[in-house]
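Below is one structure, written out as structure tokens; the observations come after it.
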Amino acid sequence: MKRKVPIAVYFVIGQFIAFFLDGSISQTMSGILFKYPNTMVPYLTVLWLILAAFFGNGKKLHLYTWSAVIGFIFDMYYTGLLGVYVFIFPLVVYLCQLVYQILPPNFMSGFLVYFLGITVLVSLGYMANVFIGETDSSVAQFLVNTLALTLALNLVLLTIVYFPVEALYRTHRQ
């Protein structure tokens, strides 16, 4: 008798792969992604969390706990500002899960909800950086040079992984 691997195992493995891919992609493609004055930040870590919120059972996966934990690690490893993503990641996951449950469960709804989630994530990160004095860019510069490009990149990434991740969760739901 073949034992089925619990979806939580795939979730945790996928979360760490997404976390390290964020840094690897940023590092290897830094000449393209971070070409002054433009910034495109891949958020595969958040993408994985949000897709788990869409397709998985958040209580069984302990999604909000994982969001906070990975937010803390993300803060330590990538930003150096402890506490920012610890709160933003769970908030964005909660918001996306709440809105996605209201809409019909399909790709277009996921696309729009992810658009909202990345907008909230990047905007709150920008506001935190303004608050502590880490950035002096104007709101207009932020919108054009960071938010729009980050949205474009992350929506392309969502388009690539949405259906395979949905299939993974569907096969483990049965």
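Given their separation in residues at 0.36 nm each and the Cα-Cα distance between them, Ser24 and Leu151 gain 43.8 nm when the chain is fully extended. Across the range 8-24, rounded Karplus estimates of 3J(HN,Hα) from the backbone phi angles (6.51 cos²θ - 1.76 cosθ + 1.60, θ = phi - 60°) give 4, 5, 4, 4, 5, 4, x, 5, 6, 4, 4, 4, 6, 5, 3, x, 5 Hz, Gly and Pro being marked x. Here the Gaussian network model covers the chain, with springs between Cα atoms less than 10 Å apart; of Gly117, Gly56, Gly80, Gly80 fluctuates the most.
Once you've got the GNM for the chain with C-alpha springs shorter than 10 Å, pick whichever of Ala68, Ala128, Ala52 has the biggest mean-square fluctuation. For the chain, modelled as a Gaussian network with Cα springs under 10 Å, the answer is Ala128. Between the range 1-62 and the range 106-174, what is the separation of their alpha carbon centroids in Å? Between the Cα centre of the range 1-62 and that of the range 106-174, the gap is 12 Å. Dipole magnitude for the chain: computed about the Cα centre from +1 point charges on Lys and Arg Cβ and -1 point charges on Asp and Glu Cβ, it is near 880 debye.
Applied to the range 75-89, the Karplus parametrisation 6.51 cos²θ - 1.76 cosθ + 1.60 on θ = phi - 60° returns per-residue 3J(HN,Hα) values of 4, 5, 7, 10, 9, x, 9, 5, x, 6, 7, 4, 9, 6, 4 Hz, with x for Gly and Pro.
Roughly how many Å² is the accessible area per residue of the range 1-153, as a whole number, for a 1.4 Å probe?
Numbers: 8490 Å² over 153 residues.
It amounts to 56 Å² per residue over the range 1-153.
Along the axis of the charge dipole computed for the chain (Cβ charges of +1 for Lys and Arg, -1 for Asp and Glu, origin at the Cα centre), the listed residues Gly80, Thr45, Leu151 are led at the positive end by Thr45.
Considering Cα pairs under 8 angstrom that are at least six residues apart, work out the relative contact order of the range 56-108 and quote it in whole percent.
After rounding, I find 30 percent.
Per the Debye calculation on the chain with a single equal scatterer at every Cα and no solvent contribution, log₁₀ I(q)/I(0) for q = 0.17, 0.19 Å⁻¹ amounts to -1.08, -1.35.
Carbon-plus-sulfur accessible fraction, the range 35-174 (probe radius 1.4 Å, protein heavy atoms only): 70%. Taking the helices alone, the chain has a mean residue ellipticity at 222 nm of -24000 deg cm²/dmol, built from -39,500 (n - 2.57) per DSSP H run of at least 4 residues and averaged over all its residues.
The values are calculated or read from the model by the stated rules, or taken from the named source; none is laboratory data. Keep in mind the model is a prediction, meaning the values are calculated, not measured. Neighbour counts are summed over all protein chains in view; Cβ atoms, including those assigned to glycine, are modelled from backbone coordinates with ideal geometry. Side chains are part of the model used for accessible areas, which takes the heavy atoms of the whole protein and leaves out ligands, DNA and RNA. Shrake-Rupley method; radii C 1.70, N 1.55, O 1.52, S 1.80 Å.
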